[in-house]
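Participant: Below: one structure in structure tokens.
Every read-out reported here was derived from the displayed coordinates using simple, explicitly stated rules and does not represent laboratory data. Keep in mind the model is a prediction, meaning the values are calculated, not measured. Cβ placement follows ideal geometry from the backbone for every residue including glycine, while neighbour counts extend to all protein chains displayed.
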Amino acid sequence: MGAPSRKLICMRLVADELTIERGGRRLLVRLSFTVAAGEALIVTGRNGVGKSTLLRAVAGFLAPVSGRLVFEAEGGAPDNEAPAALCAHYVGHADSLKGALSARENLAFWKAMLAGAGGGEALSPEAAMDRFGLARIADLPVRHLSAGQKRRVALARLLVASRPLWLLDEPTAALDIVAQEMLASTMRSHLAKGGFILAATHAPLGLAGARELPLGDIA
């Protein structure tokens, strides 16, 4: 099915009284928060507390047990809400790359897959690779790249199709200091253009003014 022709402007993510289970265990109970254009919300907490689970629920991969989780939008969405698939990029622990394809080919694939509604500026695979310092290895099969290089290719996917919300699960994993600053600069640029970020991490992301959403054990 083709992408809708209209453009959606996703302005805010709203979670209201959200309860989420994984493996029969309730990890998040009656959680409420918002993230709006230009904001970054950093999800923190120990391993196993539900950080990744929350991001997967926002991305639409996991259905909440109860509560409300919506993207508020402008521009033609029914009831002023929009689907996660048109509003959000998700970069999880897995890099989601095809090892037999080059970095350039992987990004071209994702650009074609994710094209459509969403608005905003989308870069070419070449420009996205330049942003993350990948030009020299652009045509190597991804299976031959280091873990850090693979992570940079996965992050470059954020730039080849425009989505206002970036859902980032431990985005600095396997990145050296130089690559971490590339990511921080790219995130700051995204926020300055009215994008918003929900990130789960144990490490500093270099985003001044970011809010924190700490998760802990339920009572």
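Participant: Cut-off is 10 Å between beta-carbons; in what order do Leu107, Leu55 appear when sorted fewest neighbours first?
Facilitator: Leu55, Leu107
Participant: Could you tell me how many degrees, from 0 to 90 and to the nearest 10, lie between the Cα long axis of helix 147-160 and the main elongation axis, the longest principal axis, of the Cα atoms of the chain?
Facilitator: Once rounded, one gets 80 degrees.
Participant: For segment 143-219, just the Cα atoms, rotate onto the principal axes and tell me the three extents in Å, largest first.
Facilitator: Here the spans come out as 46, 30, 21 Å, largest first.
Participant: Next up: Round to the nearest 10 and give me the degree value, 0 to 90, for the angle of helix 103-114's Cα axis relative to the longest principal axis of the chain.
Facilitator: 40
Participant: I've got another one for you. Under a 10 Å cutoff between Cα atoms, tell me which one of Pro64, Pro171, Pro125 has the largest fluctuation in the Gaussian network model of the chain.
Facilitator: Taking springs between Cα atoms under 10 Å, the residue moving most is Pro64.
Participant: Pick from Leu97, Leu198, Leu167 the residue whose mean-square fluctuation is largest in a GNM of the chain, springs joining Cα atoms under 10 Å.
Facilitator: Highest fluctuation of the listed residues: Leu97.
Participant: Under a 10 Å cutoff between Cα atoms, tell me which one of Gly38, Gly195, Gly148 has the largest fluctuation in the Gaussian network model of the chain.
Facilitator: Gly148
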